[in-house]
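The values are calculated or read from the model by the stated rules, or taken from the named source; none is laboratory data. Here the structure is a predicted model, which means the values were calculated and not measured. Cβ coordinates were reconstructed from backbone atoms using ideal geometry, including for glycine residues, and neighbour counts include every protein chain displayed.
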Amino acid sequence: MSANHKLEQLDFAVIGHQESWNDIKAFINGMRSDDVGDLSLEQVKNTFGYIPPRSVFKMKVRSKTDALIHGVYIETFIEPDKLGMQHLRTNITKVNEAIAVAQSLNAKIIALGGFTSIVLEGNLSTFNTTETKITTGNSLTAAYILKGIEKASKKFNVDLKSSNVLIIGATGDIGMACTNYLKGSVKNFLLCARNKRRLEKFSNEISEGGCSVSYDTDLSRLLPQADIIISAASSNDIAIEHYKKPVIICDAGYPKNLELKIAKTEGISLFHGGMGHIGYGYDFNPDYTKHFYRYPLPHIGHGCVLEAVVLAFENKFENYSNGKGNISNLKIDDIYAMSIKHGLELAPFYNSKGLWT
Amino acid sequence: MESTNHQFKSIDEFNVVSDVFSQAITGELIGMSNFASLSGTIDDPHEKMEAVEHADSERQHAEGFLAYANKIGLNVKINLNGEYWGRVRKVFLKYSEKNDFIACLIIQEVMLEAYAIAMYSDVGKALKGGPSKLFISIADEEKEHMDHSTEILREELEKNPPEFLKKFEEIHYDCMTILAEFSATSKCESSCGVCQGDCLKLSLDHIDLDVTTMRGNALALYAKAMDNIGIPGEKSIQWIANLPA
Ligand SMILES: NC(=O)c1ccc[n+]([C@@H]2O[C@H](COP(=O)([O-])OP(=O)(O)OC[C@H]3O[C@@H](n4cnc5c(N)ncnc54)[C@H](OP(=O)(O)O)[C@@H]3O)[C@@H](O)[C@H]2O)c1
């Protein structure tokens with residue numbers, strides 16, 4: 001993209017994708033005028049998977065300090081039913097094209113939302129030479145997950161120090177960050193991921209640090225012991241069955257379908273984790289929020305997106321969260337403190353049924 | 001008529017290839033007529049000559065397709081007044097009659113060219129041998145046309161962005177609506193006046209193509225062309241979203 005050299009510089013860009021074709025349909029139909037009517041799901045599927053990534057709306061976000069920053073949302077049009085390995089090459093191309101769009105718009109920092117950070121697998125070398133910085137946003141996501149766990153435990157009088165904490169997706173960037181942060185604060189770690197070699201290696205590292213660890217690639221063997229569960233895995237096939245009651249679950253993964261896999265919710269307190277609340281609000285232009293915004297309160301956003309917002313408020317344009325396994329406790333504490341300074345706090349607890357009462 | 005021993009697997013394949021050539025030749029002749037009209041809208045003598053040159057290049061493409069079609073004995077039908085091509089031509093004339101050079105460039109070099117390049121590239125990949133080479137080489141030449149006009153349109157946008165975007169939007173709905181209906185994934189409601197047998201769109205599987213992919217690739221190229229001109233994504237996505245599908 002070589003156009004529009006004279007654009008003003010944007011503070012941040014968010015690169016993202018929709019969770020389902022129905023979300024894309026709602027979004028696209030929200031753009032259609034009344035006289036042309038709605039497109040069917042089939043028509044949307046037949047068209048929008050082909051559309052190259054592009055900016056869809058501009059944003060203004062306000063800080064507690066009165067600062068105002070400008071950003072853009074870039075939709076990758078990654079097809080929600082094509083997140084598997086066999087589509088990796090196409091998806092990487094789309095993410096790279098989206099990054100190029102952000103660069104052409106002179107965005108100072110880019111947040112890789114949801115799946116887009118995973119497809120790049122920390123391979124940002126092509127873009128490091130440019131002025132634009134890129135962050136996966138995983139540090140603030142981890143911070144909100146951890147604050148959520150802390151707050152929920154207090155709410156239910158659960159003592160973290162005597163709890164078994166299960167991390168699903170323990171060898172992922174967020175899973176590792178959360179595990180490392182909780183070292184010394186929990187009774188026992190139950191670590192789960194599918195790749196045994198990586199899981200074993202990481203579990204050994206944690207236990208060598210003096211923590212009690214059990215690990216298993218079979219989730220069903222860990223579930224009956226867990227008092228607290230952090231799910232940070234992007235997978236459709238995670239089933240929560242035969243669990244200990246009561247249990248607190250922080251579902252931070254995508255797609256958000258953990259609840260659908262739980263036959264009975266009795267004894268489960270589940271919240272969507274890694275989410276923040278923008279205390280001083282934002283404006284979108286054009287404003288399509290009514291067609292895609294699905295949270296029970298206004299001004300809720302993903303930690304990964306909000307990390308770029310916070311860094312932009314701080315004028316801290318750097319690849320803050322980059323690659324896999326590089327998130328330190330200090331990074332988590334620092335980004336969380338910056339977030340609070342600008343009025344971005346942990347989102348209230350909610351799940352697909354709405355706010356916790 | 002000179003004939004070669006080009007082998008078709010079936011009569012269906014022969015019919016589809018015939019219709020593909022018919023659409024391509026008709027489209028090129030529409031392009032030729034458009035550039036000829038466009039030359040009348042231009043004051044600058046060099047640009048006038050360039051428009052005539054472009055018209056000639058489209059004529060050569062049409063002749064190239066026609067000669068090849070005759071060589072392999074295809075059953076070609078040319079109809080500049082068919083349902084969709086006729087409407088496209090009318091839209092073009094609406095702007096050329098107003099001497100609106102920029103509007104004409106947008107229709108011919110962005111919208112029609114995006115469809116032509118995408119279609120020729122897909123057909124080029126699907127067909128084998130001589131026809132494949134012909135479609136690919138003409139697609140490459142059309143890309144050069146598109147690149148050249150992108151420069152002009154980018155400058156035009158930079159002069160007065162709101163006015164340019166307003167004009168582009170109006171032309172988009174005038175012209176792209178027709179192309180989007182033409183390429184809709186459902187069967188044409190009435191005959192397009194160019195295809196001779198069944199609706200080409202539903203018969204493309206005989207040459208291992210499908211209308212969804214071809215339409216998707218054409219819209220993708222159109223979207224990229226708008227990006228290259230510098231049209232903001234917020235606008236282009238809204239315009240594409242409002243097209244018939
Ligand atoms: N709330 C937010 O704001 C936010 C922000 C960023 C990311 N996220 C989401 O958080 C999740 C984790 O992100 P990440 O960057 O840490 O991803 P990642 O580095 O790719 O890690 C994913 C982890 O999940 C494991 N995993 C995948 N499928 C599994 C399954 N069926 N059972 C058990 N483990 C499984 C992977 O290991 P194996 O492959 O060995 O199983 C890996 O340990 C993603 O879903 C992402 O979309 C949320």
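Annotations for the structure displayed:
- Taking each residue of the range A:194-218 that is more than 21 Å from residue A:163 (Cβ to Cβ) and looking for partners that are part of a loop (DSSP other than H, G, I, E, B) and more than 15 Å from the ligand (Cβ to nearest atom) with beta-carbon atoms closer than 8 Å, six or more apart or interchain, yields nothing.
- Listed by position, the strands (runs of 3 or more DSSP E) enclosed by the range A:8-125 that each have at least 1 residues that are away from the ligand (no atom under 16 Å from the Cβ) and surrounded by fewer than 20 Cβ atoms within 10 Å (Cβ to Cβ) are A:54-62, A:68-75.
- The residues on offer are A:353, A:341, A:331, and the sole one that is within 16 Å of the ligand (Cβ to nearest atom), farther than 24 Å from residue A:55 by Cβ and not assigned by TED's automatic domain parsing to the domain that holds residue A:170 is A:331.
- No other residue among B:183, B:190, B:203 is within 18 Å of the chain's Cα centre (by Cα), within 30 Å of residue B:9 (Cβ to Cβ) and of a type outside the set (A, V, I, L, M, F, W, C) apart from B:183.
- Search result, residues across the range A:224-245 that are polar (S, T, N, Q) and either surrounded by fewer than 23 Cβ atoms within 10 Å (Cβ to Cβ) or farther than 22 Å from residue A:148 by Cα (or both): A:225, A:234, A:235, A:236
Residue by residue, here is whether (1) at pLDDT 95 or above; (2) away from every other protein chain (no Cβ under 14 Å); (3) more than 14 Å from the ligand (Cβ to nearest atom) holds:
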position	(1), (2), (3)
A:225	yes, yes, yes
A:242	no, yes, yes
A:253	no, yes, no
A:277	yes, yes, no
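- Residue in the range B:49-59 that is in a loop (DSSP other than H, G, I, E, B), under 21 Å from residue B:130 (Cβ atoms) and out of contact with any strand residue (DSSP E or B) (no Cβ under 7 Å at 6 or more places or on another chain) present: no
- Among (1) within 16 Å of the ligand (Cβ to nearest atom); (2) free of Cβ contacts under 8 Å to residues at least 60 places away in the same chain, the one test that residue A:187 misses: (1)
- Residues being within 14 Å of chain B (Cβ to nearest Cβ) and at pLDDT 80 or above - total across the range A:1-16: 5
- Flag if residue A:177 is in a helix (DSSP H, G or I), more than 14 Å from chain B (Cβ to nearest Cβ), more than 7 Å from the ligand (Cβ to nearest atom) and surrounded by 24 or more Cβ atoms within 10 Å (Cβ to Cβ): yes
- When each of B:134, B:219 is tested for being among the hydrophobic types (A, V, I, L, M, F, W, C) and within 13 Å of chain A (Cβ to nearest Cβ), the lone residue that passes is B:219.
- Of everything in the range A:212-223 that is surrounded by 19 or more Cβ atoms within 10 Å (Cβ to Cβ) and not in a strand (DSSP E or B), the residue that is farthest from the ligand (Cβ to nearest atom) is A:223.
- Set A:83, A:68: member being touching a residue at least 24 places away in the same chain (Cβ under 8 Å) and away from chain B (no Cβ under 14 Å): A:83
- Qualifying residue in the range B:223-236 (condition: away from chain A (no Cβ under 11 Å) and either basic (Lys, Arg) or over 19 Å from the mean Cα position of the chain (by Cα) (or both)): no
- Checking the range A:151-170 against the condition returns a match, with at least one residue being within 16 Å of the ligand (Cβ to nearest atom), in a helix (DSSP H, G or I) and surrounded by fewer than 23 Cβ atoms within 10 Å (Cβ to Cβ).
- Helices (runs of 4 or more DSSP H) lying entirely in the range A:246-357 (those with 3 or more residues that are within 26 Å of residue A:9 (Cβ to Cβ) and in contact (Cβ under 8 Å) with a residue 12 or more places away in the chain): A:303-313, A:329-341
Yes or no, residue by residue, for (1) closer than 22 Å to residue B:193 by Cβ; (2) among the aliphatic types (A, V, I, L, M):
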| position | (1), (2) |
| --- | --- |
| B:36 | yes, yes |
| B:42 | no, yes |
| B:84 | yes, no |
| B:89 | yes, no |
